[in-house]
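Asker: Shown below is the structure under consideration.
The values are calculated or read from the model by the stated rules, or taken from the named source; none is laboratory data. Just so we're clear, the structure is a prediction, and the values are computed from it rather than from any experiment. Note that we place each Cβ from the backbone using ideal geometry, even for glycine, and neighbour counts take in every protein chain shown. Please note that ligands, DNA and RNA were not included when accessible areas were found on the heavy atoms of the full protein model with its side chains. Shrake-Rupley method; radii C 1.70, N 1.55, O 1.52, S 1.80 Å.
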Amino acid sequence: MVNNYDCIIIGGGIAGIQAAIQLGRYRHRVLVIDETDMGRSNLCRCYHNIIGWPDGVSGQLLRDIGSQQAKDLGVDFANEKVHTVDKQGQSFEVRTQVTDYLAKRILFATGVKDRLPLYEQIYPCLGKSIYICPDCDGYEIANKNTIVLGSGDVGANMALTLRYWSDALTYINHEQKPVKAKLLTELEEKGIHYLNEPVKEVRTEKEQIHGVQLQSGKMIETNHAFVAFGGNQVNSELAESLGVKLHDNKHILVNPRTQMTNVEHVWAAGDVVAHSEQVTIAMGDGMQAAIWMHKTLMGHA
């Protein structure tokens, strides 16, 4: 049996849920398919730069509240993994390991997965004392002793970016990948301590980092850290298989006015799109995509 929907949203993060809420308010038949609880917004324990939440809010709370809001509007949710999306006449066939679905419109809100080699120790601290995004959380380390756990040039560039906020920085090149001579010179000129040594252990207590122990046994104490390893996974493969055009960095290209991709009746929103990766932008993306999905369903666009 094939289940028919007006709109299927692949990805249940901030962008996907925001779109679902708006489409639910339009009274369309909507399904959100999300396979994992390990998305960026699940993992971030606190966002600090969202209007209305001056003391911060966790991504999980936003998702929980938003999902219930969408469900109250009649939106369906399926905890499944999408295997394929294919065009079938005027509809799209979405296949999971459990069910086949048909939809008139598709929204990819599949996000990005950060590469976090030290993940086991740092997950409880993300957004609280260990950060990923300098635009989101550079403010949190203002004038504070901070370490950057990273890899090669990526970590070096993160440390240099954070120099705007603090002059007490240490960059630990955990993976010992090469760093360009120019970057090494800049690190030295800006007073950023550079250690080319693996981290043996990240010392944490609940959501607070206390420091790291290096492979040599040396202990570096801190209450704040950023991670910057590069090689993040952009979850755009499904969209690409449908013929959606991607940027060189694998992010999805969309019309900035409508959020529609180059494939008719296929949209994208959130971190998977080629722009700044911010929760507030993801919300706007989801809303804008939903508005134009509705317009096309009504024959107004």
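Asker: Restricted to the range 233-243, and to residues that are part of a loop (DSSP other than H, G, I, E, B) and more than 19 Å from the chain's Cα centre (by Cα), which residue is surrounded by the most Cβ atoms within 10 Å (Cβ to Cβ)? Before the answer, list the steps.
Answerer: Narrowing the range 233-243 to residues part of a loop (DSSP other than H, G, I, E, B): 235-236, 242-243.
Next, only the ones that are more than 19 Å from the chain's Cα centre (by Cα) stay: 242-243.
Values: Leu242: 16, Gly243: 11.
Out of the qualifying residues, it is Leu242.
Asker: Looking only at the range 102-123, decide whether some residue is open to solvent by 60 Å² or more (accessible area, probe 1.4 Å), in a loop (DSSP other than H, G, I, E, B) and within 30 Å of Val199 (Cα to Cα).
Answerer: Yes, some residue in the range 102-123 is open to solvent by 60 Å² or more (accessible area, probe 1.4 Å), in a loop (DSSP other than H, G, I, E, B) and within 30 Å of Val199 (Cα to Cα).
Asker: Does Gly230 qualify as being open to solvent by less than 70 Å² (accessible area, probe 1.4 Å), small (Gly, Ala, Ser), in a loop (DSSP other than H, G, I, E, B) and farther than 30 Å from Leu149 by Cα? Before the answer, list the steps.
Answerer: Values: open to solvent by less than 70 Å² (accessible area, probe 1.4 Å): yes; small (Gly, Ala, Ser): yes; in a loop (DSSP other than H, G, I, E, B): yes; farther than 30 Å from Leu149 by Cα: no.
Here the answer is no, as Gly230 does not meet what is asked.
Asker: I would also like to ask the following. Listed residues Ile209, Ile252; which is within 27 Å of Gly66 (Cβ to Cβ), open to solvent by less than 40 Å² (accessible area, probe 1.4 Å), touching a Ser or Thr at 6+ places or on another chain (Cβ under 7 Å) and not acidic (Asp, Glu)?
Answerer: Every option except Ile252 fails the conditions.
Asker: Among the numbered conditions (1) touching a Phe, Trp or Tyr at 6+ places or on another chain (Cβ under 7 Å); (2) open to solvent by 40 Å² or more (accessible area, probe 1.4 Å), tell me where Ala274 comes up short.
Answerer: Only one criterion in (1) touching a Phe, Trp or Tyr at 6+ places or on another chain (Cβ under 7 Å); (2) open to solvent by 40 Å² or more (accessible area, probe 1.4 Å) is unmet by Ala274, namely (1).
Asker: Quick one: is Lys104 touching a Lys or Arg at 6+ places or on another chain (Cβ under 8 Å), basic (Lys, Arg) and modelled with pLDDT of 95 or more?
Answerer: Details: touching a Lys or Arg at 6+ places or on another chain (Cβ under 8 Å): no; basic (Lys, Arg): yes; modelled with pLDDT of 95 or more: yes.
Taking the combined requirement at face value, the residue does not satisfy it.
Asker: Then there's this: Test of understanding: among Gly217, Gly152, Gly127, which residue is at positive phi and free of Cβ contacts under 8 Å to residues at least 24 places away in the same chain?
Answerer: Details: Gly152 fails: free of Cβ contacts under 8 Å to residues at least 24 places away in the same chain; Gly127 fails: free of Cβ contacts under 8 Å to residues at least 24 places away in the same chain.
Sole residue among the options that is at positive phi and free of Cβ contacts under 8 Å to residues at least 24 places away in the same chain: Gly217.
Asker: Within the bounds of the range 34-46, is there any residue that is in contact with a strand residue (DSSP E or B) (Cβ under 6 Å, 6 or more places away or on another chain), open to solvent by 30 Å² or more (accessible area, probe 1.4 Å) and of a type outside the set (D, E, K, R)? Steps first, please.
Answerer: Filtering the range 34-46 for residues in contact with a strand residue (DSSP E or B) (Cβ under 6 Å, 6 or more places away or on another chain) gives 43-45.
From the residues that got through so far, the ones that are open to solvent by 30 Å² or more (accessible area, probe 1.4 Å) too are 45.
With of a type outside the set (D, E, K, R) added as a condition, the list becomes none.
Within the range 34-46 (the criterion being in contact with a strand residue (DSSP E or B) (Cβ under 6 Å, 6 or more places away or on another chain), open to solvent by 30 Å² or more (accessible area, probe 1.4 Å) and of a type outside the set (D, E, K, R)), the answer is no, since none of the residues qualifies.
Asker: Restricting the search to the range 135-145, which residues are out of contact with any strand residue (DSSP E or B) (no Cβ under 6 Å at 6 or more places or on another chain) and either without any contact (Cβ under 8 Å) to a residue 12 or more places away in the chain or open to solvent by less than 30 Å² (accessible area, probe 1.4 Å) (or both)? Break it down into steps so the answer makes sense when it comes.
Answerer: Going through the range 135-145, the residues out of contact with any strand residue (DSSP E or B) (no Cβ under 6 Å at 6 or more places or on another chain) turn out to be 135-136, 138-145.
Within the range 135-145, Cys136, Gly138, Ile141 qualify.
Asker: Name the residue, out of Gln288, Gln278, that is modelled with pLDDT of 95 or more and among the polar types (S, T, N, Q). It would help to see each step written out before you state the result.
Answerer: Numbers: Gln278 fails: modelled with pLDDT of 95 or more.
Only one candidate qualifies: Gln288.
Asker: Of all residues being of a type in the set (Ser, Thr, Tyr), under 24 Å from Arg29 (Cα atoms) and assigned to a loop (DSSP other than H, G, I, E, B) in the range 244-301, which is nearest to the chain's Cα centre (by Cα)? Just the residue, please. Spell out the reasoning first.
Answerer: We begin by selecting, within the range 244-301, every residue of a type in the set (Ser, Thr, Tyr); these are 258, 261, 276, 280, 296.
Imposing the further condition that a residue be under 24 Å from Arg29 (Cα atoms) reduces the set to 258, 261, 296.
Keeping just the survivors that are assigned to a loop (DSSP other than H, G, I, E, B) gives 258, 261.
Working: Thr258: 21, Thr261: 19 Å.
Filtering first and then ranking leaves Thr261.
Residue-wise test of (1) surrounded by 16 or more Cβ atoms within 10 Å (Cβ to Cβ); (2) aromatic (Phe, Trp, Tyr).
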| residue | (1), (2) |
| --- | --- |
| Val179 | yes, no |
| Lys182 | no, no |
| Glu188 | no, no |
| Tyr194 | yes, yes |
| Glu201 | no, no |
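Asker: State the number of residues belonging to the range 218-227 that are assigned to a loop (DSSP other than H, G, I, E, B) and open to solvent by 40 Å² or more (accessible area, probe 1.4 Å). Give the derivation first.
Answerer: First, the residues of the range 218-227 that are assigned to a loop (DSSP other than H, G, I, E, B): 218, 222-224.
Subsequent filtering for residues that are open to solvent by 40 Å² or more (accessible area, probe 1.4 Å) retains 218, 223.
Looking only at that region, the number is 2.
Asker: From the list Val30, Val57, Val98, exactly one residue is more than 18 Å from the chain's Cα centre (by Cα) and at pLDDT 95 or above. Which is it? So that I can check it myself, show each step before the final result.
Answerer: Numbers: Val57 fails: more than 18 Å from the chain's Cα centre (by Cα); Val98 fails: at pLDDT 95 or above.
On inspection, the qualifying residue turns out to be Val30.
Asker: Kindly evaluate Gln68 against the criterion of being open to solvent by 90 Å² or more (accessible area, probe 1.4 Å), farther than 17 Å from Asp37 by Cα and not aromatic (Phe, Trp, Tyr).
Answerer: Numbers: open to solvent by 90 Å² or more (accessible area, probe 1.4 Å): yes; farther than 17 Å from Asp37 by Cα: no; not aromatic (Phe, Trp, Tyr): yes.
When the stated conditions are applied, Gln68 does not pass them.
Asker: Taking the condition of being β-branched (Val, Ile, Thr) and buried (at least 18 other Cβ atoms within 10 Å of the Cβ), how many residues in the range 85-101 meet it? Show your work before the answer.
Answerer: Going residue by residue through the range 85-101, those that are β-branched (Val, Ile, Thr) are 85, 94, 96, 98-99.
Those still in the list that are buried (at least 18 other Cβ atoms within 10 Å of the Cβ) too: 85, 94.
Total satisfying the criteria: 2.
Asker: Are any residues in the range 9-19 touching a Lys or Arg at 6+ places or on another chain (Cβ under 9 Å) and assigned to a helix (DSSP H, G or I), and if so, which ones?
Answerer: Ile14, Ile17 - these are the residues of the range 9-19 that are touching a Lys or Arg at 6+ places or on another chain (Cβ under 9 Å) and assigned to a helix (DSSP H, G or I).
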